[in-house]
Amino acid sequence: MRLMFSVGLTALLLMSGCSKDKDVEPPAELTKFEGTLPIKKIWGDNLGGGKKAVVLRLGLGPALDGGVVFAASHKGEVIAVTVDTGKQVWLKKLKAPLSAGPAAGSGLVVVGSSKGVVIALDERTGAENWRARLNSELLSAPAIGDKVVVIRSVDGRLHGLEYATGKEIWSVEQQVPRLSLRGTATPVISKDVAISGFDNGKVMAVNLSTGDTVWDTALASPHGRTELDRLVDVDSAVSVVGDNVFAAGFQGRTAMLALDSGQIWWAHDMSSYRGLNVDGDNLYVTQSDGVIVAMRQRDGSELWRNDRLKLRGVSTPVETSTAVVVGDFKGYLHWLDKNTGALIARERVAKFRVGNEPVALGDTVVVLDDDGKMAAYRANPSAAKPPGVSNPATQPIAPPAPPPKKKKDKDKK
C-alpha cells in the first residue's frame, strides 16, 4: 500500500526536528516593516472551494496566457478573466471534482480531476473539446504543446495525450516509493522534450513525440533509517533557461542540468518541495522550511536569503520586474526585493492558505487561495521609496535657500 503525506505536516515535522524531547518550532510571526513598494488591489473574484478543497491540498492554481487568467475550483468551475480588469470572459461548469490545473496555451485550457479525468476546453470560448480518462488521481497542471498535452499522475506515470483528441499516445513510468509527499511535479515542455520530476528523486526528459527516454538523472538518492528520512520527492516544476534546466527536490539538492543530456553542472544541498523560479540571471528557491534563497544561475552561488517567513508554508516564488512574490499559509502575499531579499510590501488576500504558485504579468500578480478566492495586485515600482525613507508627506520641510548676496557686498570684497 502506498501512503501520501500532507506536505505541510510532513515538512513541519522534519524541518523542526520534532521529537518527544524537543518543542516544535512555531511559524515565524509577521513583524511590522516599512513598505517601500506601493501595491494596489485591482480586482477580486471568488470561485469557492470549501473545507474539503482546503484539506485535500489540491493542485489548483491560476494560469496566464494572452492577457487572460484561468482558474478552476474543486466543485468543477473553470473561469477566464482579463488580467487587467478581472472582467469575466467565460465560465464553464464541469461535472468533475477538479484537482489539477488549469494549464493554458496553444488554444487550450486543460484541467484534471481527482478521478483521473483530463478535460480540454477551447481557450477562447470555454467549450469542451475532449475528455480523456487516466487510471490515477491528478494533482498538477499539465504542459501543453502544439501536438501533445503532457500530464503527471500520482501513480508515477507521465502521459502524452494527443492535442486534438486527448488520445494517449505514450506513457512512461518511474518507480514510486511506498511513502511520498502529497503532490506531483508539473511537467515542462522545451524544444522536443517533456521534462518532469518524480517521487523517487529523479528528473526525466522524454521525447515529446514518442515518449522515449532522452535522459534520466537522480537529483537525490534516498538515505536514512526511516521512510520519512528517505523522502526525496521532486514535486515542483523545473525551469528551463536556454540549454540549462534548474530543478529542486525535497531533502535533496537544487541543481543545474544540461537540457540535452541531463548532466549536472552544479548542485547544492537544499531541500525544497515548493521549487524555484528564474529570471534572466538568477534563480529563487523556496526551501522546505520557508526560507527564500536567491542564487546565481551560472554557478549556484548564494546572493541572499530571507528567513522572516520561516515555517509559514511559503509558496513557490514568482518574479516581477523588481520583486519576488510568495504567498503563505495565512493568506498573505509578500514582496521581496530582488537585489537584497528585503521585504518591501505585504497584502492579505484572505484567511486561507495560498498553497499554489501565483502568476505574474509585468508587475501584476494574480493569486488563488485554497478556498477559491482569486485576486490581482499591481505594484508601482516607479513610485517605490528608497529603503529607510519615510512617507514624503511626513518629511520635514527643507529650510529655504539663503538669499543671494547683494551686489554691493561683492564689490566690497
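Here, each number is a calculation from the coordinates, and none is a lab measurement. Everything numeric here is computed off the predicted structure, so don't read it as measured data. Cβ sites come from the backbone with ideal geometry, for glycine too, and all protein chains shown count toward neighbours.
Sort out the exposed loop GluC sites (Glu not before Pro) in the chain (DSSP loop, at most 14 other Cβ within 10 Å) and tell me the longest stretch that has none.
35-226
Provide LEU94, LEU30 in ascending order of the number of other Cβ atoms located within 10 Å of each residue's Cβ, fewest first.
By the 10 Å Cβ count, ascending: LEU30, LEU94.
Find out how many positive minus negative residues lie around ALA80, taking Lys and Arg as positive, Asp and Glu as negative, among other residues whose Cβ is under 12 Å from that of ALA80.
Computed value for this residue: -2.
Please list the non-local residues whose amide H lies under 5 Å from the amide H of ASN244, H modeled 1.01 Å from N, same-chain partners needing a gap of 5 or more.
LEU259
Shape of segment 143-248 from its Cα gyration tensor (a ≥ b ≥ c, root eigenvalues): rounded if a/c is under 1.5, otherwise prolate when a/b > b/c, or oblate?
It comes out prolate by the Cα gyration axes.
Run the numbers on the chain and let me know its relative contact order in percent, using alpha-carbon pairs under 8 Å that are six or more apart.
Once normalised by length, the contact order is 14 percent.
Tell me, what ³J(HN,Hα) does each residue in segment 233-249 have, in order and in whole Hz, if you take phi through Karplus 6.51 cos²θ - 1.76 cosθ + 1.60 with θ = phi - 60° and put x for Gly and Pro?
Values, residue by residue: 4, 9, 9, 10, 5, 6, 10, 10, 10, x, 9, 10, 10, 10, 9, 9, x Hz.
Given a cut-off of under 8 Å on Cα pairs at least six residues apart, what relative contact order in percent is computed for segment 183-318?
15 percent
Report the local net charge at PRO358: Lys and Arg +1, Asp and Glu -1, summed over other residues whose C-beta lies under 11 Å from its C-beta.
Counting the neighbours of PRO358, the net charge comes to -3.
Explain nothing, just the number: dipole magnitude of the chain about its Cα centre with +1 on each Lys and Arg Cβ and -1 on each Asp and Glu Cβ, in debye rounded to the nearest 20.
Result for the chain is approximately 1860 debye, rounded to the nearest 20.
For each of LEU179, LEU228, LEU219, LEU60, count neighbouring Cβ atoms within 10 Å of the residue's Cβ, then give the residues from fewest to most.
Starting with the residue having the fewest Cβ neighbours, the order is LEU228, LEU179, LEU219, LEU60.
Around THR213, under 13 Å between beta carbons, what's the net of Lys plus Arg minus Asp minus Glu among the other residues?
Result for the neighbourhood of THR213: -2.
Between ARG298 and ASN135, 0.36 nm times their residue separation minus their Cα-Cα distance comes to what?
54.6 nm
Along the Cα-to-Cβ line of ARG305, 7 Å from the Cα, sits a label point; which residues in segment 221-263 have backbone N less than 16 Å from it?
The answer is 249-255, whose backbone nitrogens lie closer than 16 Å to the label point.
Would you mind telling me which residue in ALA132, ALA237, ALA100 has the biggest mean-square fluctuation in a Gaussian network model of the chain, where springs connect alpha carbons within a distance under 10 angstrom?
ALA132
Under 1.5 on a/c is rounded, so check that first for segment 165-316, then, if it is not, pick prolate when a/b is larger than b/c and oblate when it is not; a ≥ b ≥ c are the square roots of the alpha carbon gyration tensor eigenvalues.
Oblate is the answer for segment 165-316, as a/c is 1.5 or above yet b/c matches or exceeds a/b.
I need THR364, THR316 ordered by Cβ neighbour count within 10 Å, fewest first.
Least to most surrounded, the residues fall as THR364, THR316.
Output the pairs from LYS92/LYS373; LYS41/LYS115; LYS147/LYS202; LYS93/LYS373; LYS32/LYS310 with a Cα-Cα distance over 24 Å in this structure; if there are none, say none.
With Cα atoms farther than 24 Å apart: LYS41/LYS115; LYS147/LYS202.
What is the extension gain from GLU77 to VAL241, computed as 0.36 nm multiplied by their sequence separation minus the C-alpha to C-alpha distance, in nm to one decimal?
Extra length available between GLU77 and VAL241 comes to 55.7 nm.
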